[in-house]
Amino acid sequence: MVRFKSRYLLCEVSFADPRSRQCLEERAIFSAVRDAIARAHGDYGAACCAVSFAVKYLNAYTGILLLRCRKEHYRLLWSALPFIIHLESRGQRQPCRISSIHVGGTIRTCQRFLIRYNRQQLLRMLPGCQSEEERASVHRAVLSCSLKQLEEEGGSRDEDSD
């Protein structure tokens, strides 16, 4: 049996209206990315990425998603992401932007990066806090960012390592 190596793209979906995140669905992301690859790279790109492309994780509340594709073709997927300007879900077309924030060889490396990224985002929020209560809440959130906590909550999702 031949084993193919994969790459995981950790992406962030940004909407003009933050309430639109509630409408995020894996099916909508999958079809939007597949169509963007076909528009950007034609039949060749669509065929290369269709073999192992998958939406591995989607968090509608934070707008974070994890995409998997083969190692040889991840650049095709990566280069097509800026061409996604809207997502169609539940009969509505929501303008959005998908930006890649990390490319990793395993889900675990993407989790580790996401923890560091979230910690940085929380630290950026700290100076903008108005009250001491908000500051304490953000400080507790920064201290609670750890991979051990993620493993206890959801278990290890590292079945598809590089």
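The values are calculated or read from the model by the stated rules, or taken from the named source; none is laboratory data. Note that the coordinates shown come from a computational prediction; the quantities given were computed from them, not determined experimentally. Heads up, the Cβs are rebuilt from the backbone with ideal geometry, glycines too, and the neighbour counts pull from every protein chain shown. Note: accessible area is taken over every heavy atom of the protein model, side chains too, but ligands, DNA and RNA are not part of it. Shrake-Rupley method; radii C 1.70, N 1.55, O 1.52, S 1.80 Å.
Worth a mention:
- The H on the amide N of Ser52, modeled in the peptide plane, is under 5 Å from the matching H of Arg70, each at least 5 residues off or on a different chain.
- Approximate spin-label separation Lys71-Ser144, in nm, with each point projected 7 Å along Cα-to-Cβ: 3.7 nm
- Extension gain for the segment Arg90 to Leu123, taken as residue separation times 0.36 nm less the Cα-Cα distance, is 8.3 nm to one decimal.
- 3J(HN,Hα) couplings calculated from phi for the stretch 130-141 with the Karplus curve 6.51 cos²θ - 1.76 cosθ + 1.60 (θ = phi - 60°) are, in sequence order, 7, 10, 5, 5, 4, 4, 5, 5, 5, 5, 5, 5 Hz; Gly and Pro show x.
- Ordering of 28-41, 77-90 by packing [mean C-beta count within 10 Å, highest first]: 28-41, 77-90
- Percent carbon-and-sulfur accessible area, the chain, ignoring ligands, DNA and RNA, probe 1.4 Å: 51 percent
- Residue-count net charge about Asn118 - beta-carbon cut-off 12 Å; Lys, Arg +1, Asp, Glu -1: +3
- Solvent exposure of the stretch 1-64, expressed per residue, is 56 Å² of accessible area, with all protein chains present and a 1.4 angstrom probe.
- Principal-axis analysis of the Cα atoms of the chain puts helix 107-125 at an angle of about 40° to the longest axis.
- A cut-off of 5 Å between modelled amide H atoms, ignoring neighbours fewer than 5 places along the same chain, links Ser6 with Lys71.
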